[in-house]
Amino acid sequence: MFLKKIIFILLVLQGFVVSAQLTPEMLSMRRENMTFLDDQVLIFNSRGYASPCQYSATGITRVQFPPIDIPSYNFFMNFSDKKTGIEIRDDVHLFWVKGGIDALGCNFRSDAPMVIVPQDEVWQPNLYTRTSTFHKEINHEWCSFALKTWTSVSGEKDEVFLKIRITNRNTKELTLTLTPHQTADALRVQDPREALKKGSAKVTYPDVFTIQSEQLRFRVSSSVEKRNEQGFEVTIPAGGIGEYYFAIQMEDVEKMLQAPALYQADIALRMEKADQHIHKSLQWAAEKLPEFESDNKTLQEFYYRSIYTMLSCRFERENFILNPFWSVGCFWTSCVSWDNSYTSDLLGILDPAGLKEAILVSFREGKLKSSWITYAGAKPGLYIQEPFAVQMMVDAYLRQTGDYSILQAKAGNATLYECLKQWADILHNKYGEPNGLINVGYNTELIIEIRTDGYNHIVPIVNCLTLKLYQRLIEWAKQMNDSKAIETYTVRARQLEKSINDHLWNEEKGWYDNLYPDGTRGTIWTYHLFDLLNSKAASSYQQQRLISHLKENEFLGRFGLYSIARTDTVHWDRIDADWGGGGQYAGMPGRISRNLFEMGFPVMGMNILKRAAEYVHYFPTLPQNPRTDNPSADITSMSNQIAWGSIFEAIVFGMLGIKEYENGTIEFNPNYFSEVGNCTLTGLLFRGNSYNLVLQDKAYTVYKNGKLVAQKVYSEKTVVKP
């Protein structure tokens, strides 16, 4: 390992770009290390998700292949031994959770069933591998076999694959009937573009291989030709091995009147194509993103797991309004600007065209009335952060591409520039006070969803981000020679900046207060306020006062940040993790860490980054709102979230001190930490050039397209102009 590290550094020092790698195998995780429940563990291959069940060799639960979304779906297979006549069940995962049967009494108590005994389970992107055993003597006849199964989903069709390898440990042949079991509360098409679909969603069971309603059909097909009324029949010779393939196919009954054939010889080939698809998808990303290697393997894993979590939100489906479609995550299949804004630089590097479409679709479909753009179009629901998020996304797009034509791109009936001006006018005309402050009224949910009141009316962060929007519009107006806009937003910006400092700053507390219609003030200790750290709303003194609250048992906890400070006894909510108190929203540790690095507070930036990095020991994909005190996430929220791409940005643009400018200039001013050790960033692509950065204890080195640019001590910047 040491020799490999030396060779790697020497290659980089000599200017060679090491071949980028991002593979499913490098992201693998053993199931016993995860704190996710079954519904939270995802196998995904661009089209949809399925969740494998712990303690079962074959169990699969919740499936989503939009518009098919069946949270209540359950599948497993039982094994009936012809010789002994016993049924060996594989549904321990169900009664282990629900009770009714003592799972630990199975296989020897007279009133308990025979069951498959689970052993090891390993997850990796689009593959879940399980081993199990059964070893019993029944009426002087041995039934002894090993199971190994592989579960994945297709990248081409709406189907889940299951490969089963059975090793007969007996000296006699083994004949088993594999009986598929499928259940669901209802089978209903969920496409929001359609009115309530005709036909009943009630589940029926035409045969042992099929469940269906008048809307959907789920059918299990196999490479096994021999069948009986109970299922698929296989025979394994003494000491032999048998391998069998199965496909759970999901279909709209109206579109596919004929059920799939039960015998399908090509399932193994389709499963191999699925494996090739996930490898190709990850390699596509690896070729566009820099490779990061560090002596700190937890941080290195955090880098890659954040990238994969973001990639697991990328749908490729022909029935979506955009293809590809960057969703916020699993199950809530919507493109939301606020979530995208946390990972917009990463999106701009990886998929600038996709970032552009995500920006434009927010206006084309949302029409300044909706922030939730589903795969079928806008649905009701507006965040007041919408224009601020879009502005951040446009800034990232311009940094990565320099393509100012996006401002003139059509976003519905107007250009993007005009749409952003319209948003600024809505803020001023609909919500503006005479002194320029923005008053969003009583509706807390217009900002964030929390379960206590008070975060409403004149909210500091809304005002600070409105100021930032005005200031950015002034810059764009100058490029557009829009003198009227320059004058308008200059006046508004000056008035708003003065009012923020005159009315919202609380000198005693070192914080910004909310203002209410009755003239009273309220202090909400929310980390949402730290979004202003990358704005010009606060002075350096005010920024330092704000940052002084980032301390243990106030905003800092074991795994990062509390969304509301523990000291805020009025609003702190243990359950509502992402914004209510007890945890943190996916994008906030990375964004706040990056901002702290960029502002010149590297120790605090690193403090937050290293705390959140510990999540990688517990989560295969990083969830929407993990707890701050323990590595868990509630089942009501998503188990992946696009905003975790902010960790990539915190490492690259924060810790490694890389700053990219719209004019094509790139700057290097990295931070060295002994706990991170030596590290390399290889193949950072920016404006047609490839950069390598090597950090060692005394100095750092920069290469451009394989040629040495500079070797400097820390605190000395390296600026590379276009």
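Given R₀ = 45 Å, what would the calculated FRET efficiency be for residue 146 paired with residue 316, taking r from the Cβ atoms and rounding to 0.05? Walk me through the numbers before you get to the answer.
Numbers: r = 37 Å, r/R0 = 0.81.
Calculated transfer efficiency: 0.80.
If I ignore ligands, DNA and RNA and count only protein heavy atoms, how much of residue 567 is accessible to a 1.4 Å probe, in Å² to the nearest 10?
Rounded to the nearest 10, the figure is 80 Å².
What figure, in Å² to the nearest 10, do you get for the accessible area of residue 662 with a 1.4 Å probe and non-protein molecules left out?
50
Under 16 Å Cα to Cα from residue 698, which aspartates and glutamates show up? Leave out anything in the same chain fewer than 8 places away.
Reachable aspartates and glutamates: 295, 675, 716.
Give the accessible area for residue 93 in Å² (nearest 10); use a 1.4 Å probe, count only protein heavy atoms, and leave out ligands, DNA and RNA.
10
In this model, which of 369/421; 468/717; 83/226; 536/717 are farther than 20 Å apart at the alpha-carbon? Intermediate results must be reported in sequence, preceding the final value.
Numbers: 369/421 15 Å; 468/717 27 Å; 83/226 17 Å; 536/717 23 Å.
Beyond 20 Å between Cα atoms: 468/717; 536/717.
What is the extension gain from residue 410 to residue 491, computed as 0.36 nm multiplied by their sequence separation minus the C-alpha to C-alpha distance, in nm to one decimal?
26.4 nm
Label region 261-394 by shape, choosing from rounded, prolate and oblate, from the square roots a ≥ b ≥ c of the eigenvalues of the Cα gyration tensor; if a/c is under 1.5 it is rounded, and otherwise prolate applies when a/b is larger than b/c, oblate when it is not. Mind showing how you got there, number by number?
Values: a/c = 2.44, a/b = 1.24, b/c = 1.97.
Judged from the Cα gyration tensor, region 261-394 comes out oblate (a/c at least 1.5, b/c at or above a/b).
Can you run the Rg to Rh ratio on region 557-664? Use alpha carbon positions and the Kirkwood inverse-distance Rh.
Numbers: Rg = 14.1 Å, Rh = 14.1 Å.
Using Cα coordinates only, the ratio equals 1.01.
If 183, 149 are ordered by their accessible area, calculated over protein heavy atoms with a 1.4 Å probe, which sequence runs from highest to lowest?
183, 149
For region 47-56, what does the Karplus curve 6.51 cos²θ - 1.76 cosθ + 1.60, with θ = phi - 60°, yield as ³J(HN,Hα) per residue in whole Hz, taken in order and with x for Gly and Pro?
Calculated HN-Hα couplings, in order: 9, x, 10, 9, 10, x, 9, 5, 6, 10 Hz.
Take the residue pairs 197/379; 98/197; 157/288; 255/367; 551/610; 288/356 and return only those whose Cα atoms are more than 25 Å apart.
On the way: 197/379 18 Å; 98/197 33 Å; 157/288 27 Å; 255/367 33 Å; 551/610 15 Å; 288/356 17 Å.
As for pairs spanning more than 25 Å Cα to Cα, those are 98/197; 157/288; 255/367.
Given a cut-off of under 8 Å on Cα pairs at least six residues apart, what relative contact order in percent is computed for the chain? Mind showing how you got there, number by number?
Details: 1611 pairs, mean separation 87.6, N = 722.
Relative contact order, the chain: 12 percent.
Region 70-210: Rg/Rh from Cα coordinates, Kirkwood Rh?
Details: Rg = 18.1 Å, Rh = 17.6 Å.
The Rg/Rh ratio comes out at 1.03.
Pop out the Kirkwood hydrodynamic radius of the chain from its pairwise C-alpha distances, inverse of mean 1/r, in Å to one decimal.
Over the chain, the inverse of the mean reciprocal pair distance is 27.7 Å.
Specify, per residue and in Å³, the volume enclosed by the convex hull of the alpha carbon atoms belonging to region 359-489.
Numbers: hull volume 15.5 nm³, N = 131.
Hull volume over Cα atoms, normalised by residue count, gives 118 Å³.
Can you give the FRET efficiency to the nearest 0.05 for residue 548 and residue 102, using r as the Cβ-Cβ distance and R₀ = 51 Å?
Numbers: r = 55 Å, r/R0 = 1.08.
The calculated FRET efficiency here is 0.40.
State the percentage of accessible surface on the chain attributable to carbon and sulfur atoms; use a 1.4 Å probe and exclude ligands, DNA and RNA.
51
Mind giving me the nanometre distance, one decimal, between the label points for residue 453 and residue 257, set 7 Å out from Cα along Cα→Cβ?
5.9
Apply the Karplus curve 6.51 cos²θ - 1.76 cosθ + 1.60, θ = phi - 60°, to the phi angles in region 58-69 and return the couplings in whole Hz, x for Gly and Pro.
For region 58-69, the Karplus-derived couplings read 10, x, 9, 10, 2, 10, 9, 10, x, x, 7, 8 Hz, x marking Gly and Pro.
Please enumerate, by chain and number, the aspartates and glutamates with C-alpha under 19 Å from the C-alpha of residue 198, excluding those fewer than 8 residues away in the same chain.
Of all the aspartates and glutamates, those that pass the test against residue 198 - Cα under 19 Å, at least 8 places apart if same chain - are 69, 185, 214, 251, 252, 254.
Output the DSSP H helices from the chain with an along-axis C-alpha extent of no less than 15 Å and a mean Kyte-Doolittle hydropathy no less than 1.0. List each step's numbers first, then the result.
On the way: long enough: 2-13 (16 Å, 2.56); 267-286 (28 Å, -0.44); 297-311 (21 Å, -0.31); 352-364 (18 Å, 0.62); 386-401 (22 Å, 0.02); 416-431 (22 Å, -0.52); 460-479 (29 Å, 0.10); 483-499 (24 Å, -0.91); 588-599 (16 Å, -0.33); 602-613 (16 Å, 0.50).
Qualifying helices, which must be both long enough and hydrophobic enough, are 2-13.
Counting only protein chains, not ligands or nucleic acids, how are 621, 235 ordered by accessible area (probe 1.4 Å), most first? Provide the component values of the computation, followed by the final result.
Working: 621 5, 235 70 Å².
So, going from the largest accessible area down, we get 235, 621.
Express as a percent, rounded to the nearest 5, the fraction of DSSP beta bridges in the chain (both residues included) that run antiparallel.
On the way: 122 of 128 bridges.
About 95 percent, rounded to the nearest 5.
Measuring with a 1.4 Å probe in the full set of protein chains, what accessible area per residue, in whole Å², belongs to region 93-192?
On the way: 4510 Å² over 100 residues.
Per-residue value: 45 Å².
The values are calculated or read from the model by the stated rules, or taken from the named source; none is laboratory data. Here the structure is a predicted model, which means the values were calculated and not measured. In this analysis, Cβ positions are derived from the backbone assuming ideal geometry, glycine residues included, and neighbour counts consider all displayed protein chains. Accessible surface areas use protein heavy atoms only, side chains included; no ligands, DNA or RNA. Shrake-Rupley method; radii C 1.70, N 1.55, O 1.52, S 1.80 Å.
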